[in-house]
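K.L.:
Before we start, here is the structure in question, set down as structure tokens.
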Amino acid sequence: MNQVRKHIEAIQQAEQFVNESLQHAVPDVHKPSYHASPRIHWMNDPNGLIQYRGEYHLYYQHNPYSEEWGNIHWAHKKSKDLIHWEKLPIALAPSEWYDKDGCFSGSSIEHEGKLYVYYTSNVFTSPQGLPDDLLQQQCLAISEDGGISFTKYENNPIIEAPPAGIGQNNHFRDPKVWKHGDHWYMVLGTKKDDKGKVLLYRSHNLLEWEYVSVIAQSDGSMGYMYECPDLFRIGEYDILLISPEGVRDYPLSGYYVGKLDYDTGTYTHGAFHVLDDGFHFYAPQTMEDHLGRRLLIGWMPMNGRKLGKSWSGAMTIPRVLTLDEHNERLIIQPVEELIKLRTQHIQHKQLIVDSSLEQALPKLQSRRAELKVAYNLTESDAQEFGISILASDQREEETVIRYSVSSNELTLDCSKSYNGSDRVKSITLGQASDQLILHLLIDHSVVEIYVNEGERVLSCFVFPKESSNHIHLFTSSGKAVIDSLDFWELDV
């Protein structure tokens, strides 16, 4: 059987299994409605993000056979507005000797009207498989029909291994490709001696790639493997995203702001910054659109099997990246297209929230909403205040966002969230100003919190009972003055 036919049949088999499984899936009150998520089974890393032929394309890691990781394919959605996503056929399936155990993460570029996708092929080299018995190589597939179907390059793999002594071919993955000047460039994640690295490659024709240099590596404190590297320019600076493994006990993704010398392959940069301070964010990828925006989508991981779900994972709302006025940190905000979902609007101006005046609180209820609250820190005298969302009537169950004035800390408290979660995370905000602005996106089980117009972001999954749909404002020891509160119901 020829290569093309094998690939088509592998995709057809996967699509058939998904469609049969959907017939037995039951409605789920926790399934996100306006965040991209799988119809059924497993989702992880966003791949191949691109605006192509006037539409936004989101490919992603997908197991069509289970709500657990494994049998990794590339699934596919597209959108005209970054908010409404249309499901398309699976784009890549394991079908060849070099990718028989998974088509892992990668990226896409447009060249001469065609869509080129670069991905990591995976082969388990022993019956045990993970975590280290792997062979990972870089491969290419090309689409001539608008990114729907792909033909794998006949001379795959195009990069068989990192240079000896530089990296390991059992952890060598996630190609991200872009063009600079007359050449194409690629960054790849790898490891050596339990230290993560990002490698830079260069090509003149998209087929033959030469190793250039190591542009970033762990000193031992920054993890044992660098996954999902992404390098792009904002203004005069080159931003490097990485997702280091082995730094903390839940997913971590972050970035450096620096400059890449393309002649020498040297990348100089400042401190590492976390991209998202929540509990469920990993493996982000970016693209640039026709408006010149640098857009980021991140994966929100969850264990569907453990939670008794028929699905696993979701993507964040696409986010716009800019640099702050000092060119030191990214400002991260949801795309403005989100306003298309707004329906019923409740607004309050100059609202005083006092722990002894419950009648002052607006009555808000929703499991699918957008809430933006601007606190006046100058006029408030409460030492602590915040917002409780997805809460039961008496707040036995709730997810809490709490601000402490004395420490200038914002806390995400999931200790009373469903499923016995004990996650509590506090972050210190930047220099205090006259306002604290909290911008929340709520989507059944998905919560995104944007702080001070994108200074910080926190994303998390919670799984409240269906009746837990209340939103409360609270204070302790004093009053909180709110300059403005805007609440919108969201409808897809």
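K.L.:
Whether any residue in segment 2-21 is of a type in the set (S, T, N, Q) and at pLDDT below 95 is what I want to check.
P.N.:
Yes.
K.L.:
In this structure, does residue 64 turn out to be touching a helix residue (DSSP H, G or I) at 6+ places or on another chain (Cβ under 8 Å), outside the structural domain of residue 366 (by TED's automatic domain parsing), buried (at least 20 other Cβ atoms within 10 Å of the Cβ) and at pLDDT 95 or above?
P.N.:
Considered against the rule, which asks whether it is touching a helix residue (DSSP H, G or I) at 6+ places or on another chain (Cβ under 8 Å), outside the structural domain of residue 366 (by TED's automatic domain parsing), buried (at least 20 other Cβ atoms within 10 Å of the Cβ) and at pLDDT 95 or above, residue 64 comes out as yes.
K.L.:
Next up: Please go through segment 263-289 and give me each residue that is out of contact with any strand residue (DSSP E or B) (no Cβ under 6 Å at 6 or more places or on another chain) and part of a loop (DSSP other than H, G, I, E, B), ordered by number.
P.N.:
263, 264, 271
K.L.:
What number of residues within segment 388-420 satisfy the criterion of being out of contact with any Lys or Arg (no Cβ under 8 Å at 6 or more places or on another chain) and under 20 Å from residue 351 (Cβ atoms)?
P.N.:
6
K.L.:
Could you go through segment 163-171 and let me know if any residue there is in the same structural domain as residue 124 (by TED's automatic domain parsing), over 23 Å from residue 91 (Cβ atoms), without any contact (Cβ under 8 Å) to a residue 24 or more places away in the chain and surrounded by fewer than 16 Cβ atoms within 10 Å (Cβ to Cβ).
P.N.:
yes
K.L.:
If you don't mind, another one. Considering only segment 452-492, state which residues are aromatic (Phe, Trp, Tyr) and out of contact with any Asp or Glu (no Cβ under 8 Å at 6 or more places or on another chain).
P.N.:
Answer for segment 452-492, where residues must be aromatic (Phe, Trp, Tyr) and out of contact with any Asp or Glu (no Cβ under 8 Å at 6 or more places or on another chain): 461, 463, 474.
K.L.:
Among the residues of segment 224-252, count how many are among the small types (Gly, Ala, Ser) and surrounded by 21 or more Cβ atoms within 10 Å (Cβ to Cβ).
P.N.:
Matching residues across segment 224-252 total 1.
K.L.:
Condition check: within 21 Å of residue 441 (Cβ to Cβ), at pLDDT 95 or above and assigned by TED's automatic domain parsing to the domain that holds residue 417. Does residue 371 satisfy that?
P.N.:
yes
This table checks each residue for (1) more than 16 Å from the chain's Cα centre (by Cα); (2) of a type in the set (Ser, Thr, Tyr).
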position: 205; (1), (2): yes, no
position: 209; (1), (2): yes, no
position: 215; (1), (2): yes, no
position: 225; (1), (2): yes, no
position: 238; (1), (2): yes, no
position: 243; (1), (2): no, yes
position: 252; (1), (2): no, no
position: 258; (1), (2): yes, no
position: 261; (1), (2): yes, no
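K.L.:
Kindly list the number of the only condition in (1) β-branched (Val, Ile, Thr); (2) within 20 Å of residue 264 (Cα to Cα); (3) part of a strand (DSSP E or B) that fails for residue 166.
P.N.:
(3)
K.L.:
Taking into account only those residues within segment 420-433 that are of a type outside the set (Lys, Arg) and surrounded by 13 or more Cβ atoms within 10 Å (Cβ to Cβ), which is modelled with the lowest pLDDT?
P.N.:
Once the filter is applied, the top-ranked residue is 421.
K.L.:
Going by what's in this entry, would residue 82 be described as at positive phi and either assigned by TED's automatic domain parsing to the domain that holds residue 187 or touching a Leu at 6+ places or on another chain (Cβ under 6 Å) (or both)?
P.N.:
So residue 82 fits the description; yes.
K.L.:
Further question on the same structure: Tell me, yes or no, whether segment 328-350 has at least one residue that is at pLDDT 95 or above, hydroxyl-bearing (Ser, Thr, Tyr), at negative phi and crowded, with 18+ Cβ neighbours inside 10 Å.
P.N.:
Within segment 328-350, not a single residue is at pLDDT 95 or above, hydroxyl-bearing (Ser, Thr, Tyr), at negative phi and crowded, with 18+ Cβ neighbours inside 10 Å.
K.L.:
I need the full set of residues from segment 195-223 which are buried (at least 18 other Cβ atoms within 10 Å of the Cβ) and either acidic (Asp, Glu) or not in a strand (DSSP E or B) (or both), in order please.
P.N.:
Within segment 195-223, 206, 209, 218, 222, 223 qualify.
K.L.:
Further, regarding this structure: Residue under question is residue 99, and the condition is that it be in a loop (DSSP other than H, G, I, E, B) and crowded, with 20+ Cβ neighbours inside 10 Å; does it hold?
P.N.:
yes
K.L.:
If we only count strands (runs of 3 or more DSSP E) wholly inside segment 297-377, which ones have 2 or more residues that are over 27 Å from residue 394 (Cα atoms)?
P.N.:
319-323, 330-334, 342-354
K.L.:
Going through segment 37-53 one residue at a time, which ones are within 12 Å of residue 314 (Cβ to Cβ), in a strand (DSSP E or B) and not aromatic (Phe, Trp, Tyr)?
P.N.:
Within segment 37-53, 43, 44, 46 qualify.
K.L.:
Does at least one position in segment 191-206 carry a residue that is touching a Lys or Arg at 6+ places or on another chain (Cβ under 9 Å), in contact (Cβ under 8 Å) with a residue 12 or more places away in the chain and of a type in the set (A, V, I, L, M, F, W, C)?
P.N.:
No; the residues of segment 191-206 include none that is touching a Lys or Arg at 6+ places or on another chain (Cβ under 9 Å), in contact (Cβ under 8 Å) with a residue 12 or more places away in the chain and of a type in the set (A, V, I, L, M, F, W, C).
K.L.:
Does segment 392-407 contain at least one residue that is surrounded by 19 or more Cβ atoms within 10 Å (Cβ to Cβ) and either among the small types (Gly, Ala, Ser) or not assigned by TED's automatic domain parsing to the domain that holds residue 464 (or both)?
P.N.:
No; the residues of segment 392-407 include none that is surrounded by 19 or more Cβ atoms within 10 Å (Cβ to Cβ) and either among the small types (Gly, Ala, Ser) or not assigned by TED's automatic domain parsing to the domain that holds residue 464 (or both).
K.L.:
Is it the case that some residue within segment 232-255 is in a strand (DSSP E or B) and on the phi > 0 side of the Ramachandran plot?
P.N.:
Taking every residue of segment 232-255 in turn, none turns out to be in a strand (DSSP E or B) and on the phi > 0 side of the Ramachandran plot.
K.L.:
A further question follows. Examine segment 15-23 for a residue that is touching a residue at least 40 places away in the same chain (Cβ under 8 Å), crowded, with 17+ Cβ neighbours inside 10 Å and touching a Leu at 6+ places or on another chain (Cβ under 8 Å), and state whether such a residue exists.
P.N.:
No; the residues of segment 15-23 include none that is touching a residue at least 40 places away in the same chain (Cβ under 8 Å), crowded, with 17+ Cβ neighbours inside 10 Å and touching a Leu at 6+ places or on another chain (Cβ under 8 Å).
The values are calculated or read from the model by the stated rules, or taken from the named source; none is laboratory data. Being a predicted model, the structure only gives us computed values, none of them experimental. Cβ coordinates were reconstructed from backbone atoms using ideal geometry, including for glycine residues, and neighbour counts include every protein chain displayed.
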